[in-house]
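Enquirer: I'd like to ask you about the structure that follows.
The values are calculated or read from the model by the stated rules, or taken from the named source; none is laboratory data. Quantities reported herein were computed from a predicted structural model and do not represent experimental measurements. Don't worry about glycine lacking a Cβ; one is built from the backbone with ideal geometry, like all the others, and counts go over all protein chains shown. The area values use the complete protein model at the heavy-atom level, side chains included, leaving out ligands, DNA and RNA. Shrake-Rupley method; radii C 1.70, N 1.55, O 1.52, S 1.80 Å.
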Amino acid sequence: MDIGSTIRAIRKRKNITIAQICEETGLSQGFMSQVETNKTSPSIATLENIAQSLNVPLAYLLLKKEDRMHIVRKNERRITTSGSENLKVEHLSSTKNVKMRLVEFPPGSSTGDVPHAHEGEEVHVVVKGSIYAEQGEDTAEFGEGDSFSWNACTPHVVRNIGEDTAIVLIAIYTESDGGQELL
């Protein structure tokens, strides 16, 4: 863990000196310097005091860098295609187990000719247009603002039934963090 570098970065960003932290926490400047250079590992109680003096949650100091906020700007989104109809898929953001996708369905297009299944759970929000969704014996039509969800292990298909391009926001949760595309 690189807690010391995190503490130093927060302290500098907030224009707080080591002396100010030491005055508030009662720690010595030498100890704080060793903490910030990762030469010593403070106790949880000491970390809690440091977190309070920095005005950040203790849990934030304990997060690994890869578990912190990940930003994807609109112009930096990865764009791929999916299925036999090459649906445009914009990769919005993701965590280890949740992936957010914005999928464009041109008129008449679908996720495939036949229903497909895969690991995970999905939540869909129709941002624009009209779609038809089928999972097993369940079918429904959805318009702008409507949403639906399902366990993706049951074969399913989504189809644009409107005259214009439909856009669907999809959140996909999986237990594993395998890199496979699931649309």
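Enquirer: What figure in square angstrom, to the nearest 10, would you give for the accessible area of D138 with a 1.4 Å probe?
Expert: D138 exposes around 110 Å² with every protein chain in place.
Enquirer: Here's something else I'd like to know. What order do you get for 72-85, 93-106 when each peptide is scored by the mean count of other beta carbon atoms within 10 Å, highest first?
Expert: For the peptides 72-85, 93-106, the packing ranking is 93-106, 72-85.
Enquirer: Now for a separate question. Roll a 1.4 Å probe over the protein heavy atoms and report the accessible area of F148 in Å², nearest 10.
Expert: Looks like 30 Å² after rounding.
Enquirer: If you wrap a convex hull around the Cα atoms of region 1-67, how much volume per residue is inside, in Å³?
Expert: Working: hull volume 5.0 nm³, N = 67.
Here the figure is 75 Å³ per residue.
Enquirer: If you don't mind, there's one more thing I want to ask. Could you derive backbone 3J(HN,Hα) for region 96-101 from the dihedral phi with the Karplus parameters 6.51, -1.76 and 1.60 (θ = phi - 60°), listing whole Hz in sequence and x where the residue is Gly or Pro?
Expert: 4, 10, 10, 10, 10, 10
Enquirer: Excluding ligands, DNA and RNA, what is the solvent-accessible area per residue of region 72-183 at a probe of 1.4 Å, expressed in Å²? The partial results should precede the final answer.
Expert: On the way: 6150 Å² over 112 residues.
For region 72-183, the solvent-accessible area averages 55 Å² per residue.
Enquirer: Once phi is turned into ³J(HN,Hα) by the Karplus curve 6.51 cos²θ - 1.76 cosθ + 1.60 with θ = phi - 60°, what whole-Hz value does each residue of region 34-40 show in order, with x for glycine and proline?
Expert: 5, 4, 5, 9, 6, 8, 9
Enquirer: Something else about it: With each run of n ≥ 4 DSSP H residues scored as -39500 (n - 2.57), what mean residue ellipticity at 222 nm is computed for the chain after dividing by its residue count and rounding to the nearest 500 deg cm²/dmol? Show your work: numbers first, answer last.
Expert: On the way: 5 runs with 43 residues, N = 183.
After summing the helix terms and dividing by residue count, I get -6500 deg cm²/dmol.
Enquirer: Could you work out the Kirkwood radius for region 112-183, taking every pair of different alpha carbons, averaging 1/r and inverting it, reported in Å?
Expert: 12.6 Å
Enquirer: Rank H70, H116, H91 by accessible area, highest first, at a 1.4 Å probe radius?
Expert: Working: H70 120, H116 45, H91 15 Å².
Largest accessible area first, the residues go H70, H116, H91.
Enquirer: More than 25 angstrom separation, counting every C-alpha pair in the chain; what % is that? Walk me through the numbers on the way to the answer.
Expert: Details: 8424 of 16653 pairs.
Tail of P(r) above 25 Å: 51 percent of Cα pairs.
Enquirer: Have a look at N75, T95, T37 and report the one farthest towards the positive end of the charge dipole of region 1-134, computed about the Cα centre with Cβ charges (Lys/Arg +1, Asp/Glu -1).
Expert: Going by the Cα projections, it comes out as T37.
Enquirer: With only alpha-carbon pairs counted, each pair once and no self-pairs, how large is the Kirkwood hydrodynamic radius of region 41-124 in angstroms?
Expert: Values: mean 1/r = 0.0601 Å⁻¹.
Every distinct Cα pair counted, the radius reaches 16.6 Å.
Enquirer: Identify all lysines with a Cα-Cα distance to K88 below 25 Å; exclude those on the same chain that are fewer than 8 residues away in sequence.
Expert: List returned: K74, K96, K99, K128.
Enquirer: Under a point spin-label approximation (7 Å from Cα along Cα-to-Cβ), what is the T165-T139 distance to one decimal in nm?
Expert: Once both label points are built, they end up 2.8 nm from each other.
Enquirer: Which lysines, if any, have their Cα less than 18 Å from the Cα of K12, not counting same-chain residues under 8 positions apart?
Expert: Reachable lysines: K65.
Enquirer: Counting only protein heavy atoms and a 1.4 Å probe, tell me what percentage of the chain's accessible area is made up of carbon and sulfur.
Expert: Whole-percent figure for carbon plus sulfur exposure: 48.
Enquirer: Note the full-extension length gain between M69 and S94 as 0.36 nm times their separation in residues minus their Cα-Cα distance, in nm to one decimal. Show your work: numbers first, answer last.
Expert: Values: separation 25, 0.36 × 25 = 9.00 nm, distance 1.01 nm.
Roughly 8.0 nm would be gained on extension.
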